[in-house]
Structure formats: structure tokens, C-alpha cells
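Just so it is clear, none of the values below were taken in a lab; they were calculated from the coordinates. For clarity, every value in this text was computed on a predicted model and none was experimentally measured. A quick note on method: Cβ atoms are made from the backbone with ideal geometry, for glycine too, and the neighbour counts reach across all protein chains shown.
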């Protein structure tokens, strides 16, 4: 017999030219959009998070750019810790430039209407500040009136808090000021600053008469300059340069101020970016999970299509088109939702932002969101959809036919791109490849950890299987490792969801706990500072008169560093290599040091020792330095420092490094000298006490301000409540945005449990057919998903503690803090939700007659 | 002499698993002439459905060859075999295998649309009218009875005027009345279209309506009866 062989000629059409696949995508899709709900929900929540964060950031940047000059009120500002040098003022003064000055300091004011007092930021102004933007006051002429003499203006919130009216007066130092009005808006000052330190404005000429500026008073002087051009600003900045090193002046122009504000919000933005990244990754998992379910449901239909002549790619394209189109729609909806959220954020905490955010749409964020969503829907659906290409047509004859695994280039390309995606997405979100890489490594480690735990669990369950337990218990347990089980995939997906949600919670609670003062009952809550030496004893007596404890009375000496490790500070600043390592501010700042021979309760020595000074024996001076600052100055035990103490050089060696809990029982210090070295140096004193009774506190403050006008008092309770209020609002926004990640996580969880539905459905139907009662099937289901939920929660949360610690320590650089109650709530929620969704999916099997379900299955 | 449309030569199918190799089809050979009808019968597990799958190019043999319309199926990849099925083969299955999200009319149109043909609705409607479903064009499979679903499946199978029609227990899921109607329709259309019919069934009565019966047992072809000469 002659064997003949004819080669077939088949024209494979590309997706855009194959009309049939588009037709089929529409015909099939219109009945299946409900089935793709999980897919669209994952995309919407994931993209909404990303767009909301990006849009907020872009809007903020735009506003900063738009109002740049108003942020400063001038073209440049020079700051100094002491009055400006006359020679400098002459040098910078030209005929064309305009100048204004202010001096600000912390001071007590007494409101004469109620005789209550509080610490404020006293700002004394001179000249026509601001040169850009307006001072908005009520009444409108208040600013002009203030400049005429003994008139003061208050921040609006302060006036409201102390019920101050235009008829009232306030006492600042030794002088009474009449009220000129209230300040609604002041260039350069944000509401955030006003909340933490509300301001009182007077004229600079009136400051001297208050008697507040004494030895040791910490006054910041600012010189505002309006230049004639950008070139002139550069010339002025050059003029200032020599004075930076010589007199410690600092200068900001508009660009620098913008940059500083941007950096200030950098940490918040990074956290928000992380939230967006988490929402995005969860969205990706949701997409992959829901498309996996969808592709599985479509297996039989694909087999029929393959039978009647569809190629693998044609079958793939039908569902790919559906996912692609829905992906664009879902991304667009996500972008719309994100924009809506972005409009809500400023309402919640807009007044704490450095600029007033206008209602606006960031089209860049929208475009990024839609593009990102489309990429995600394509990338993360390809892997599950590739399986469609390899559905064997034989499945139409044998439903349980399982083909061998086929090598697919598309599958491998998708796997590689999927691994790259989190790195690129995180790098884009956090604007750093390193951070992006670290996030992704963390994610891969988490996935690996979850997979290992899942394998270990299955091994343990098999090895120690409770043979003598009840049928229900044994059956539920054996479901975990029987053929076609979904245990590993469920543990990994649900565990990952729990991991991400818990990690987010740990970071959030660590950030929010940063500012909480968790003192014990005896800890100081009221600090009196700027006490002159001659006032010290009488102030202490006053404290005792009101039956208040005197927790601390410590001397403070102001000084600067002139040498570090034998090298003059000037040389550090001039050597590029070194200046990179030691920041300029650490070398030039004014240090407020104290002396004592013991540790304070907030301190412990972590390296070296305390070394007291033996007077008269020509002993060396040994100081201790706080942890953290030794890294900044790059010094260690045994290194030498030379302090310039009001013109007198004092050489000292570092004898130890102290760990300081800064919020605990203030004041705390960077450098502590031993007794006997600085005792005779010019010094001021700080006293700390604890006030419990509010009425007592008011009377004590009144008498203090009345008799010692220069002494200021910080009420930590007031600061704590203000900070708490601020963080409550910021926390609300954080939780609101985290909610999106959590919702996406829940969508993923639902998808993961739905995934296992197919495996369980048939078994439960058979059990029911052979006589299992509703209660038994329900218990089997609950126990099985209960196991999965418990182990997922334990694994996810265990890993999240590790990840949270790493992130808080190395990324956010804040103290690690875990709220165990919240973690417990997350665990219970994950378990309950897993069980609930598992049970919900089995209801169909439980509530319908076996025959009906069997027919449906066949 | 009529053309040979299908030639099976020493077909063997082995399913390999970790524990053992299961031989479900063992060295089966036969050929089929154009326009004839043939029934493959045998008890459950005898390998008849596997044989049908191999002959229709739904799977490939472990050894041996299938030649369909001169094309050697084992030399072709899956997509080429799919193309071949679309060009020359029709299917009728026991559980109908209609696409649940498509209407009856759309189900019938699909094979021609796959070829890239346009305006195929009128041909599909004609066929549906022919199988007695003139009132069911826009019904979905779930809205049709078993007999109606099988008639839609037959219309879908015949719309491409296939050279070979494979039917796997076409009356297996139907009551007697519907089974009778479907059987009559199947043979009538087969005659009119001059299609080669290869039928797998347990039903001897149905098998005896064909011209030739192949009997399978334990994966082997054990008997062949010629009932009528073409």
C-alpha cells in the first residue's frame, strides 16, 4: 500500500484580524460579566488606591509650585540665632532690594480676660513683610494697627480657644498689649505649625520693652529680602555664603523652601505609596485569582470549541479580549474612584497641608492608573489564561481527562514579567529601585515562607493523622491533603492577604505611636525653662508652694562644637568627602548641654561609662553622648571634642554613649558633662514638675507668669492632646486609604476560597448522595476551612511581625510597635471570613437535592 | 471503488501512571469508506470512546497511525488537527456539549464562523428548521429540553457538510421518544449529506441501523459484522 501524506495549510489570523474571536468574546462575555466581578473589584480597589495617592501627591506638588513665593513671603530669607551683624546688613543692602525682619521665640502670654496663660510662638515683625502673598486678618486693618505699637494679633484658633475679643488685652513679658485682631492666614506659616505652636504677633520695636530677651533666651532672627530678579537672588545668596560658616547664618530661597516642604511630607508620602503598592499587589493577586477561576469554569466550553475547530490561540484570545476590555473599564472606574477619594482627603486633613489644595483632577495620575490597571489585567491574566490554550478537546468525551503539562514560552515569559512587575511597580511608587527591590524581596520571602508552612502543615497532618477521631473530623482533615486539594494555594493566598494587612497595621501603629507619651504616674508633664540663675530658688519655692513635686532642676549651658576628633569644624565643612558624612547642621548647631554625675531615669549607658571629674587633679573632661547623635557626628567612645562655651574652648573626651527615651520625663540632653567643669559657666535653668489638678495648674501658671515673665512653661498635656488630635485626623486618612488595601485583600481571599469550590463541590455531592446529613457536611466544611483560616492567619501574622520590624527599623526609621489586640482581631477576622466564604460556597450543595446537583455536575 | 476516508493502523493507547501502565487500546486496525455508516460497540471500559477520540483527532495514539482524509493525524499538531476537524468532521455527543452562553442559532453558526465565513445565519436557520426547531432560534441551551439540545448539536454538526460525523452515544441521555426522533434525523441527514457516520453506542438497536458493526472488548477489536453493503 502506498502511504501518502498531505500537509495542511492553515492561515492563523492575528487577534485584531480575527473577527470571530471578537464576536465570540462579546457573545460569551455578555453572560459572564457577573462572573468577572471579582476581577473588576480587584482592579477597581487596587487602582483607586494608586490613583488617589498619586493624584494627591501631584496636586500637592502643583500647588507648591504655584504658590512657591507665598510660602516664603519673600525671595529669600536669612536666619540667625543672634541679631544680625551690622556689617552683614550693610553688605546685603542695596538700593533696589527691600527688607523686613522678624524675631521669634517661645514665650508665655497671659490672657487678661480669664487670666489664663500658655506658651506661644511670639513673632515680632518689622517692615513690609510679606512681599508676596497677603496677611489676612480680622479686622482687615489689624496688621497695620499692630505695627503702630503696643498691639498684638493672635492666631485665629488661639483667640477662639481663650475667648479673646477685640476689647481684651494680653500680657507678654512685662507689657500689656491691646488686641489688634486675629490672623487667618500668614505667608510661610502653615496651620500645622499654628496647631502645635500657636503664634502671637507684635511689632519688633515692642519686643525689647517686654524684657523677654535675656541671657540664654532662644530667639530666632529672620531677615526677609525682596530681590529685583532671580539673578539678584543668586547674588544675594552668594553674599550670605561667608556668613554661614562664620556666624552660623542659614538662608533659604524659594526653591529650597519648596524642597524642604517636599521632604517634610516625604515620609507621609512614602507611607501612602506603600499603601498604594500593597493595594496594587493585592489587586494583582485578585486579578490572577479571579481569572484563574474564570478560566477553569470555561474549560468545558473551550474543549467544545477545540472540538469544532478553534485553535488554542483563538480560544485564548476570546477570553483575553474579555479580560482586556474589562481591564480597561475596571481601571477607568478605579481611576474615577481614586480621584473621588483624593477630593475627600483634603477635607479630612487639608488644613494640615502646607498649601491649600484646590479641587482638581490630576490627569497624569488618571493616565498612570488606567495604564497600570491595563498592564496588570493583561500580565496577571495571561498565566491562568494560557491554560486555556492547552485544554484538550478530548475533555468533551472524558471530563476527568488530565493532559500532561505542556511547555509554553508564553507562560514562561509571563512568569518572568510577573516577577519583574512588583520590583518596577514598587520602584516607581517609592521612586527608588533599591526600595522597590527590597519590597519585592520581602514579598517573595513572604510567599516562600507561606509555601513552606503549607508544605510543613500537610506533612504534619499526614504524619500525625488522628485515626480514632470522628468521621466528620477525619474527613475534614483529610480534605487538606487529598488529590486535587487546594490547601497550599489557599494557605499562600489567604496567608499573603493576612500578612499584608497585618504588616500595614503594624506600620500604622508604629507610626502613630511615635508621638505618644507613655509616662508613668510620676513623670513630669510641665517644664519650666529660661529660668535665670538668680530666679532658680524662688521658682522652686513657687513650685513647692502649690504642692507640686520638683522632679528636676537642671542647668543648661549653650555651646557649639569647634573641633571633632581633633579636626576643626571649619575643615570638616570645607572637605567634601567628610561633609558628605557629617551633616553641616550637626557641626554648626547650638547645643544645650547640662552637667550631672548620674543617669536620668530616661537614660541608660549602652557603651562606655560615666566618668566624673576630679577637680584640681588636672583630670581630662569626659562627656556622654546620646545614641544616634554619635552616628551623626561619626564619633565613638574615646574620641575627642572641643566645645566653644561662650568663647571658652573646653576639650572633652567621649566616655560613654547613652540610650535616651526622649519623650520620657523631659528635659533630656544630647551631651551631658560631669559636675565640676561647667558649674561656673553662664547658665540658665530648667525645672520639671507634674501637675495633676487643672485648677491648681491655672493658678500656678498665673503666679509664674506674673512674677517671672521671662520664664516659659510647656504644658506637655496640652501638646499631647494637640498631637493626638492631629494624628487622629491623619490616622483617619491612613485608615481610610488602608481600607482599600484591606478590601482588595478580602476580594483576594474570596477568590482563593472560590478556587477550592470546584474540588469540594463534587465530593460533597457524593457524600450527600450516599447519605451525609446537612449538619455533617456543614461541619466538615467549617472544620476544613477553619484549619485553612487558622494556619493562614498564624503564618501571615507571624511573617508580618518580622516584616513590620524590618520596615519600621530600616525604611520608616521609627520604633517598632505592635498592637496585639488589633492583630488578634485581624486573625479572628481572617479565620471567620475564610470559614464564612467556604460555607457560603457550599450552601448550594447543602440546600439542593443531590440529583439536581449531580445532573448539573454531569 | 469508494474512497477510504479513515484508516486506523495498529492503534495502541497506553495511559502511564506512577504505579502501572494501563493499555486501553491494543493494536486496533480498520478502515472506513466514504458514505458508509459504522457502529463501535462494546462494554464499558472496552476502549470504544478512546478509539473514537483517536480517530477524530481529539487525542493521539501511543503507537500506530490514523489517517483521515489522507492526513496523518499523528504527524500534525493540535491546532492543525483542530483546523482539520473544522473542515471535514462533525460531532454529536451524549451530553450535547452546546456552548451555554450562546443561543441555539449562535451555537449552530460557530463552525462556519470559525472558517471566516460571513452571513451564515440563514444557513444555520435552515438547518434548525430542518431539525424542527424553527421556534427556538434565540433560546439558550438551558431553556431547551434534552432532545432539543441534541437536535441543535446535530444542526451544528451538519452545518459544515462534514465528510465524517462522529457520534458518541447520541441517544444516551434521551428518553425513548426523543431517542427515536434523533436517530431518525441522524440517519436521514447522513443519507442526504452523504456523510460517513462513525457511531459509538451501547445500544444494539441503534448499532444495527448502521452498515457495519465493530465489537470491542478489553481494548481489542474482537468481532466485525457487515450488515449491509454500500
Once you average over the residues of A:310-323, how many Cβ atoms of partner chains fall within 10 Å of each Cβ? 2
Taking the inverse of the average 1/r across all pairs of different Cα atoms in the range B:129-227, what Kirkwood radius in Å do you get? 14.6 Å
Ranked highest first by average number of other Cβ atoms within 10 Å, how do A:597-608, A:43-54, A:790-801, A:438-449 line up? A:43-54, A:790-801, A:438-449, A:597-608
Distance in nm between pseudo-label sites at residue A:567 and residue B:63 (7 Å out along the Cβ direction from Cα): 8.3 nm
Would you mind checking the tilt of helix B:146-158 against the longest principal axis of the Cα atoms of chain B, expressed as 0 to 90 degrees and rounded to 10? 80 degrees
So, in nm, how far is label residue B:123 from label residue A:166 when the simple model puts each one 7 Å beyond its Cα toward the Cβ? 9.2 nm
Please say if the range A:76-139 is rounded, prolate or oblate, where rounded means a/c under 1.5 for a ≥ b ≥ c the square roots of the C-alpha gyration tensor eigenvalues, and otherwise the choice is prolate for a/b larger than b/c and oblate otherwise? oblate
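What fraction of the Cα pairs in the range B:4-226, stated in percent, has a spacing above 25 angstrom?
Details: 9691 of 24753 pairs.
Value for the range B:4-226 (Cα pairs over 25 Å): 39 percent.
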Taking just the alpha carbons, could you work out the radius of gyration and Dmax for the range A:552-689, both in angstroms? 14.5, 46
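With a 10 Å radius around each residue's Cβ, average the other Cβ atoms per peptide and rank A:312-324, A:526-538, highest first.
By packing density, highest mean first, the sequence is A:312-324, A:526-538.
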Using 0.36 nm per residue, how much length does the chain from residue A:489 to residue A:94 gain when fully extended, once their Cα-Cα distance is taken away? 134.8 nm
Find how much the distance from residue B:75 to residue B:26 grows on full extension, using 0.36 nm per residue of separation minus their present alpha carbon separation; answer in nm with one decimal. 15.6 nm
For an R0 of 60 angstrom, estimate the FRET efficiency from the Cβ-Cβ distance between residue A:148 and residue A:297 and round to the nearest 0.05. 0.15
Averaged over its residues, how many other protein chain Cβ atoms are within 10 Å of peptide A:297-309's Cβ atoms? 6
What whole number of Å gives the distance from the Cα centroid of the range B:86-162 to the Cα centroid of the range A:165-187? 89 Å
Nearest 0.05, what FRET efficiency do residue A:420 and residue A:814 give at R0 = 25 Å with Cβ-Cβ as r? 0.25
Sites residue A:825 and residue A:661, calculated FRET efficiency, Cβ-Cβ separation with R0 25 Å, nearest 0.05: 0.30
Mean residue ellipticity at 222 nm from the helices of chain B, using -39,500 (n - 2.57) per DSSP H segment of n ≥ 4 over the full residue count, to the nearest 500 deg cm²/dmol? -10000 deg cm²/dmol
Listed highest first by mean packing, meaning other Cβ atoms within 10 Å per residue, what order do A:74-84, B:104-114, A:636-646, A:468-478 come in? B:104-114, A:74-84, A:636-646, A:468-478
Give me the one-decimal nm value for the distance between modelled label points at residue A:463 and residue A:413, 7 Å along each residue's Cα-to-Cβ direction. 4.4 nm
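Over all residues in B:156-167, what is the mean tally of Cβ atoms on other chains that come within 10 Å of each residue's Cβ?
That average works out to 1.
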Just check the range A:70-262 against the gyration tensor rule for me: Cα atoms, a ≥ b ≥ c as the square roots of the eigenvalues, rounded for a/c under 1.5, and otherwise prolate or oblate depending on whether a/b exceeds b/c. prolate
